[in-house]
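Data first, discussion second: the structure below is written as structure tokens.
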Amino acid sequence: MRLELKGITKRFPGVIANDRVDLVVESGEIHALLGENGAGKTTLMNVLYGLYHADEGEILIDERLVTFDGPGDAIAAGLGMVHQHFMLVPVFTVTENIILGVEPTGPFGWIDRRGARTRVEELSARYGLEVPPDAMVEELPVGVQQRVEILKALYRQAEVLILDEPTAVLTPQETEELFAVMRSLKDGGKSVIFITHKLKEVLAVADTITVLRGGKVVGTTRPEEADEDELAAMMVGRAVSLTVEKGPAKPGDPVLQVGDLVVMDDRGHRAVDGVSFDVRAGEIVCVAGVQGNGQTELVEALTGLRPKVEGRVALNGRDITHASPNDVLDAGVAHVPEDRQRDGLIDKFSIADNLVLDTYDQPPFANGIVRNREAVLDAAQDRVRAFDIRTPSVGIPASTLSGGNQQKVVVARELSRPISLLIASQPTRGLDVGSIEYIHEQIVKQRDEGIAVLIVSSELDEVLALADRVAVMYRGRVVAVLAREQATREGLGLLMAGVSPEEAMSA
Amino acid sequence: MSEQVVSPPREQAPPEPEEPPQEKARWWDPLVVPVLAVVTALAIGALVIVFSDTEILKSWAGFFRHPLDTLRVSWDVVANSYRALFTGAFGSPAQLWQGISSGSWHEIQSALSPLSETVVTATPLIFAGLSVAVGFKAGLFNIGGEGQITVGAIVGSAAGFTMTGLPGPIHVLVVVLAGFVGGAIWGAIPGLLKAKTGAHEVITTIMLNYISYRLADYCLSTTFFRRPDRTDPISKPVVSAFPHLLGSDLRVHIGILVALAVAAGVAYLVNRTTVGFEFRAVGFNSDASRAAGINPTRIFVLVMTLAGGLSGLAASNQLLSVSPSLTPGFSSGFGFDAIALALLGRSNAWGVVAAAFLFGALRAGSRSMQAATATPVDIVVVIQALVIVFIAAPSLVRAIYRIKARRAEGLEIVMKGFGA
Amino acid sequence: MSAAAVTVGRPVSITRARILGIFFLLMAVAIALLFGLGASGGIQTRFGLNQTGTGTTAWRIPDLVVPSRATAFLLAAVCAFLAGAQLTRGFGKRTNLILGVVVFLFIFAFLTWAARDRSLNLLGMLESTLLRSVPITFGALSGVLCERTAVINIGIEGMLLSAAFTGSIVGSATGSLWMGLLGGALIGGLLGWVLAVLSIRYRVDQIIGGTVINIFALGITGFLSARVLERYQSLNNPGRFEPFAIPGLSKIPIVGPVLFDENVFIYLLFLIVVASYLGLFYTRWGLRVRSVGEHPRAADTVGIRVLFTRYRNVILGGVVAGIGGAYFTLGSVGRFDENMTAGRGFIGLAAMIFGRYNPVGAFLAALVFGFADSLQTKLSILQVPIPSEFLLMAPYLVTIFVVAGAVRKTHIPAADGQPYIKE
């Protein structure tokens, strides 16, 4: 099946997400759609999949004009999509999720479960996608959930599969397995549209590469004709330094000491399982690991948001194991949370109020119980200037800011009070390159001023760029702590996948 | 799976530093929807009055023969009803003027009587409305006003008829505080349940309403409460009362001044203090509040206790003025009116006061209307429900009147399912 | 999981198991002390198991006569045994069942004590339990249908009340009970549509939308009954559906007279409970409905019409509540009284939660509430020295315990209460 997009334009209030985008996907090819966050990749695919209506442009399949009024039409035309956030019902079984919408039924709409199960097993055998058909999806690891998503598309006889940032949640080894699946799909005559911002992966698996920037197609090329630097420049629009300028660390006394920490997740499983490490003044320790290996719970426990079951945590020698979030903040810990929309900001509050979210009750912002609104506004003006937050006014709601500026608000707030430890979780997720560079600079600046810094990141590039030391987490344990010099991309990848340190380091 | 279902797709992000659509705000903007909501509700209420009148229905049957008659009859009924409603609520200006020009205090008093009734009716509504509004500020839906008023009345009346030896003003103060405490206890329970177990306050407050009714029934079956000379369930009366404001012939009493003072206090608390900041922060985003060191569970308890106390004050007010005894059905729907008031007043203390005066006028007026035109008072409940609909769905009002949306409209509350 | 994130880490289930064990033990002690020692020895309790009056069942079975004190001690012993088992090894997945058994034992012991030296017609009690649970069940089913698509329906009370009113007035005006039932169902469906439009189209907060329906229903029925029904009493006299016995089945002792000699509402109830249970969990319709409630965007991406599904189910829920409302006037009282539903809709909501958003569970929960209701009347006949007010509080207290998670955490449809915005 040959797929062609012609002059697709999609506008959102205030933004043109796609600007006259042309794209041709030939039958039996892996076509990479490359672009940084906000380039319009996902929007384009949502238009193709019938989730959005394009304002202009047309879609052709095998030279025939088609219009999709919803995903149902797109599915019927042979498209299948694996979304970045899986579209699976957690409390349904694998089979139920796969058949949803195209259920094989008997009289009265009675679902033919046995028939469905058989077909799922057939498909899974044919493409090497192993899944347990009767397991609840919520109990499966993300890699398996992704296979369920792919099977869902194949069950609907998809000819073109759209994979939206499929490797974001995978270990390097799982990524390799996924690439194998993609190649076997290609061999079966199916096309794959592979959306990503990771250059190495594009070069490894794609047949054709289309680069999007600012909603426009900036070029189409083939992996053998391009290299990483060239693609990066196309993607960002200027030459980018993929590394962060920083001098050698001058570690001082330990600031954060964590001993044998055990933390439960929401379901009562040991998400953090006996973790010990420390962070010294003036160094950056990065916790590397595939998402969902206990990093979230670790950070929540360190900041007092989640109770600790065992172990102890000390800050500058003082025990804070059972401190409340407020006590932890007062003790001099800055926290840039993983999900800034949920935990970092109150998006209906003004920027000024968000900038004092954890100091609203301290002088000069309040005396006793009465707030001083002038002081809040004055401080906000200063911080907006100091941290280059682009906004017309500090009085407007934080929700009106772009992701990068929202993150700057959080960072500005956390760094504007006396601290000895900075904990930042996925500090640059979903940001554009400019904001990423800015935030990285700020983090290094804190380190150089003698602050202890703990970064949690699932982006290997970020870990390698920032870390003075790397702690690798796998299934709730810290499996290795490496000095920056010892850490290689390959070695970290293996450690993150659970390979023992001896094997990983010798590999 | 904390996947946000409602969130826009990620890549939609960058409306970079472009100017946000800041139209020039006009002072009446926030009033457009409430005013139109009330007007529309009154119009629909008129239709209900027309089409439930059998005489009019008969005349509609002959609409094609005597169309003008039909319309005239319909108009008369509605006009008479609403005129009676209006004069019942505000009195007649002519009569007032006559009183002033003749200089007769007695005549002025009788001209002011409807207005006095409106204020008397509005007073408990202010307390109850503030109770729900405070909850909304912290993202909590207090449907428990009924129960809080009932328990406030149980405690308040007990204090009111037992402590008879106290001097008047002190006794009044004791009853006020007793009502507050009773309501606060009943409000604290759902707050604690939500804080400790996550039980949804909507369910627990509804259940506590019913429990409170039974509790009142039980109390009224005991000799401690029961008035000895009566066979029907009614408690001994509270021995003191709020002093009247304009002479003993008018029922208006200082309760209204207390209510206005409390409204001012609530407004100050919510907008100017650190506690108020915490209320609003938790109301908008309890996760971010927690991460910023605010303890949402403490806020839940605090807010619900305060909300309960405010409802309890409505009970104190009634005990010290128009209904000095606890009876079954003491709260007579104030708790539900309160929801309408908080919505109409946009959870803003002075908005609630304005809404309470409106409802007070409707209520007081409807009593004269029923007497004068046989249009039942329940029509006011219908109008109230319609007002909530239009306030809660501003787009519905805008669709009817074809006006454009402006920012800062609509309600910012979306409840999560009943977290069991 | 925002709710879970807010509450400070719930203690792990081990402590809950222990708490339950201690609860069982307390029940055992209570049975022994209150009902065992509370009854003097040598006294018997007689439970009637036949219909009063002429026996219509195929054969009569003898009344159950037990020694009051010994029975209490026996039940206490069983309870204590279960408590011991719970504390030592636990019952795992069957914990809830065992909890039910313990509560049942307690109630049976209580009845044995309450009716000591007297007789109690158990059959009559079962029947009144069923009848009192009818509107609660319809309300709960309405809630299940709505909430499975993630629309909170707190307006059940208003739907019941409006349908009760409409059932009476239409039934009286047309002279046909069936037309009355149809009218009630339609008005329920209409209010369901209103709730759907408010919450889906205008994205009004669903709890506010439901509250509006409740207030509106209270006002309009009060207004119209004051204005119309009081003047034209003949419009409020529809009569009632008479029970009709299902041949054969109604002759079975105990079960027959209770279940198979009832009026059309009870048969409709069974039908809807079974149909909605099978429909929700075994058919395409149900799979799609549940997917809309759990993960609407996922449903949307596979071509399921999320908003349509919500509209359809909320209207359907309204129809079911409407049938339940018509029961008040056409199946039970035979006349409309102001605010005659008296909060049954809210108890239905509670039954839905207690019954874990499952039609069969909701029905069982409604039976529990119906039982508490009928127990209260029975006890006043038996002159038990417990203020009836406290018994009437029981269903509400139970509901609070349930939502507070005392029984077991329920899985709530994940998208419950959230509007779905397509683009």
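The values are calculated or read from the model by the stated rules, or taken from the named source; none is laboratory data. Note that the coordinates shown come from a computational prediction; the quantities given were computed from them, not determined experimentally. Cβ: placed from backbone, ideal geometry, glycine included. Neighbour counts: every protein chain shown.
A few notes on this one:
- Qualifying residues in segment A:475-504 (those that are more than 22 Å from A:GLN257 (Cβ to Cβ), of a type in the set (D, E, K, R) and at pLDDT 85 or above) - the one surrounded by the fewest Cβ atoms within 10 Å (Cβ to Cβ): A:GLU485
- Cβ separations smaller than 6 Å between residues 6+ apart or across chains give the following pairs from segment B:221-248 residues that are closer than 18 Å to B:HIS171 by Cα and free of Cβ contacts under 8 Å to residues at least 60 places away in the same chain to residues that are surrounded by 11 or more Cβ atoms within 10 Å (Cβ to Cβ) and among the hydrophobic types (A, V, I, L, M, F, W, C): B:PRO243/B:ILE254.
Here is a yes/no grid of residues against (1) in a loop (DSSP other than H, G, I, E, B); (2) in contact with a Phe, Trp or Tyr (Cβ under 6 Å, 6 or more places away or on another chain); (3) surrounded by fewer than 22 Cβ atoms within 10 Å (Cβ to Cβ):
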position	(1), (2), (3)
A:ASP343	no, no, no
A:ASP347	yes, no, yes
A:ASP353	no, no, no
A:PRO364	yes, no, yes
A:ALA375	no, yes, yes
A:GLN381	no, no, yes
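- Every test in (1) more than 10 Å from every other protein chain (Cβ to nearest Cβ); (2) in contact (Cβ under 8 Å) with a residue 40 or more places away in the chain is passed by B:PHE141 save one, and that test is (1).
- Residue match in segment B:199-208 (condition: touching a residue at least 60 places away in the same chain (Cβ under 8 Å) and acidic (Asp, Glu)): yes
- Inside segment B:264-288, residues that are more than 7 Å from chain A (Cβ to nearest Cβ) and more than 23 Å from the chain's Cα centre (by Cα) make up a count of 3.
- Options C:ILE152, C:ILE215: the member that is buried (at least 24 other Cβ atoms within 10 Å of the Cβ), under 21 Å from the mean Cα position of the chain (by Cα) and facing chain B (nearest Cβ under 10 Å): C:ILE152
- Residue satisfying all of: in segment C:198-208; modelled with pLDDT under 90 and either at the interface with chain B (Cβ under 7 Å from one of its Cβ atoms) or out of contact with any Pro (no Cβ under 6 Å at 6 or more places or on another chain) (or both); surrounded by the fewest Cβ atoms within 10 Å (Cβ to Cβ) among these: C:ARG201
- Every residue from segment A:28-41 that is under 11 Å from A:ILE195 (Cβ atoms) and buried (at least 24 other Cβ atoms within 10 Å of the Cβ): A:ALA32, A:LEU33, A:LEU34, A:GLY35, A:ALA39, A:GLY40, A:LYS41
- Test: residue in segment A:301-323 that is within 14 Å of chain B (Cβ to nearest Cβ), without any contact (Cβ under 8 Å) to a residue 40 or more places away in the chain and part of a helix (DSSP H, G or I): no
- Scanning segment B:124-153 for residues that are over 13 Å from B:ALA355 (Cβ atoms), outside any loop (DSSP other than H, G, I, E, B) and among the aliphatic types (A, V, I, L, M) returns B:VAL134, B:ILE149, B:VAL151, B:ALA153.
- Boolean, B:PRO324 is out of contact with any strand residue (DSSP E or B) (no Cβ under 6 Å at 6 or more places or on another chain), within 12 Å of chain C (Cβ to nearest Cβ) and not acidic (Asp, Glu): no
- Residue in segment B:185-197 that is surrounded by the fewest Cβ atoms within 10 Å (Cβ to Cβ), counting only those that are more than 7 Å from every other protein chain (Cβ to nearest Cβ) and in contact with an Asp or Glu (Cβ under 9 Å, 6 or more places away or on another chain): B:LYS194
Yes or no, residue by residue, for (1) small (Gly, Ala, Ser); (2) part of a helix (DSSP H, G or I); (3) at pLDDT 90 or above:
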{"site": "C:PRO253", "(1), (2), (3)": "no, no, no"}
{"site": "C:VAL258", "(1), (2), (3)": "no, yes, no"}
{"site": "C:ILE266", "(1), (2), (3)": "no, yes, yes"}
{"site": "C:VAL274", "(1), (2), (3)": "no, yes, yes"}
{"site": "C:LEU278", "(1), (2), (3)": "no, yes, yes"}
{"site": "C:LEU287", "(1), (2), (3)": "no, yes, yes"}
{"site": "C:GLY293", "(1), (2), (3)": "yes, yes, yes"}
{"site": "C:ASP300", "(1), (2), (3)": "no, yes, no"}
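- Boolean, B:ALA195 is assigned to a helix (DSSP H, G or I) and modelled with pLDDT of 90 or more: no
- Residue match in segment C:222-236 (condition: within 14 Å of chain B (Cβ to nearest Cβ) and among the basic types (Lys, Arg)): yes
- Qualifying residues in segment B:210-258 (those that are among the small types (Gly, Ala, Ser) and out of contact with any His (no Cβ under 6 Å at 6 or more places or on another chain)) - the one nearest to B:SER157 (Cα to Cα): B:SER235
- Each residue in segment A:39-81 was checked for being free of Cβ contacts under 8 Å to residues at least 60 places away in the same chain and more than 13 Å from every other protein chain (Cβ to nearest Cβ), and 9 of them qualify.
- Of the helices (runs of 4 or more DSSP H) entirely within segment B:1-95, those holding at least 1 residues that are modelled with pLDDT of 85 or more, buried (at least 17 other Cβ atoms within 10 Å of the Cβ) and under 27 Å from the mean Cα position of the chain (by Cα) occupy B:29-51, B:67-90.
- Only one entry of A:ASP260, A:ASP278, A:ASP227 meets the criterion of being more than 27 Å from A:GLY294 (Cα to Cα) and of a type in the set (Asp, Glu), and that entry is A:ASP227.
- Total residues in segment A:325-338 satisfying the condition of being within 7 Å of another protein chain (Cβ to nearest Cβ) and either surrounded by fewer than 21 Cβ atoms within 10 Å (Cβ to Cβ) or among the hydroxyl-bearing types (Ser, Thr, Tyr) (or both): the figure is 1.
- Of the residues C:ARG203, C:ARG227, the single one that is farther than 29 Å from C:VAL151 by Cβ and either in a helix (DSSP H, G or I) or touching a residue at least 12 places away in the same chain (Cβ under 8 Å) (or both) is C:ARG227.
- Test: C:ILE22 is assigned to a helix (DSSP H, G or I), modelled with pLDDT under 80 and within 30 Å of B:THR297 (Cα to Cα): no
Results for (1) within 30 Å of B:ALA89 (Cα to Cα); (2) within 9 Å of chain C (Cβ to nearest Cβ); (3) of a type in the set (Ser, Thr, Tyr); (4) not in a loop (DSSP other than H, G, I, E, B), shown as yes or no for each residue.
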site: B:ALA199; (1), (2), (3), (4): no, yes, no, no
site: B:THR204; (1), (2), (3), (4): no, yes, yes, yes
site: B:ASN209; (1), (2), (3), (4): no, yes, no, yes
site: B:THR223; (1), (2), (3), (4): no, no, yes, no
site: B:ASP232; (1), (2), (3), (4): no, no, no, no
site: B:VAL239; (1), (2), (3), (4): yes, no, no, no
site: B:VAL258; (1), (2), (3), (4): yes, no, no, yes
